[in-house]
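J.: This structure is in structure tokens; I'll ask about it shortly.
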Amino acid sequence: MSSAKHITRVAVIYPFVNNTETGADARLSETIRLAAAISLDVVWSGVLKLREIRAGTFFGKGNIDKIATIINEYEADLLIVDGDLSPIQQRNLEKSLNIKIIDRTALILEIFGERAQTKEGSLQVELAHLTYQRSRLVRSWTHLERQRGGAGFLGGPGETQIELDRRIIDDKIVKIKKALEKIKQTRGLQRRARQKVPYPIVALVGYTNTGKSTLFNYLTRANVFAQDLLFATLDTTMRKLRLPSGSEVILSDTVGFISDLPHELIMAFRATLEEVLEADIVVQVLDAANADNKKQRQDVLEVLHNLGLEQIEHQSNYIEVYNKIDLLNDNQIKNIKWASNTVLVSALNGNGCNELLQRIDDILRKEYRTTEVDIDAADGKVIAWLHKNTEILESRLNNDRLHVRFRIKEEDIGKLQKILKGC
């Protein structure tokens, strides 16, 4: 007789201080969906107002008693605190409440660990996990050392065990970083290979669950996993896409962003996000039906700024796409703030997608120029430069002359003219 699989019963608390927090209900709802993304059963959730955050336990004694009552009443197996708990706070709370506790960072790491599909994605998640564990191991030891004089009694790990654990984690981190470096080198070779036929790159970015992958699938007729789940996509996917003018681009679907994205994950996924840094056009996908989309928009922009794309929202190669307009009525659509870089679409039925493709086409036409030259068929230097720095559209040999039609970035026109003059 097989036993039924145990479903973890979870209580979720979103704490904030002095009524300064706005959007608390939206944040709590998001955290509940994060828990649901890894099949946790949320039996209770609530917002908890704090006068202050206690250094040792995060919550004061009165709130700890309230939480203990909730845990007992709802028979919770796990408590999620939607904030950043220090190792000391986590340990003391677990001791007081006699329950396993995780914070927002640990929850997101769990989701990423379950979602990663490719070898690179799995390695990046493992690196993030180890980095998170290592910092907690070191800080916990510092606390224990201070409390116990370094004796390591009462069931706590001694210095030898702590050092051993830290060394094991460090060895794993070194191995993973080496493996990721090899993948990064392979990615660099692939990128250089693409540059030989330099298709412009269009990167889709956005808050998690805004419909990026659904839009990606509609535009490219691909079959990327797309579901109403937070963090459905973790690994960058790239497909060729033809624009109305007939020219082609590479469309890149990236991992969804989220507010307070753990630092460990930003660093671990930097290699993945390099595609965004090198993109010719950045398309931020927003959920038009989400009342909190303005804050989500800002959260994404902050991550992009931290990656080095400062003031990207004011650049001509930035587009904002309001997706899911099929969920809105006419008045709601009218209330969306229009700007020159705004496009409204439904990735489900395709409304507005042609306009988006045309907008991408128009931007690239401003940045690229289609031109042609006649050169000596034996001039290897110019031919090599054209193949490396332009997109060759047509090449015809006529006796000893080569006629080449190509698309070139405006910024490279001057370089081409210098090379031709030197011939």
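J.: Would you list, by chain and number, the lysines whose Cα falls below 29 Å from the Cα of LYS178, excluding same-chain residues fewer than 8 positions away?
T.: Cα-Cα hits under 29 Å: LYS119, LYS196.
J.: Given the stretch 9-104, what count of lysine pairs have C-alpha atoms under 16 Å apart, with each pair 8 or more places apart or on different chains?
T.: Eligible lysine pairs with Cα atoms under 16 Å apart amount to 4.
J.: In the stretch 283-423, what is the count of Lys pairs whose alpha carbons are under 20 Å apart, counting only pairs at least 8 residues apart or on separate chains?
T.: 20
FYI, it's all coordinate maths here, none of it is from the lab. Computed from a prediction, not measured in an experiment: that's the story for all the values here.
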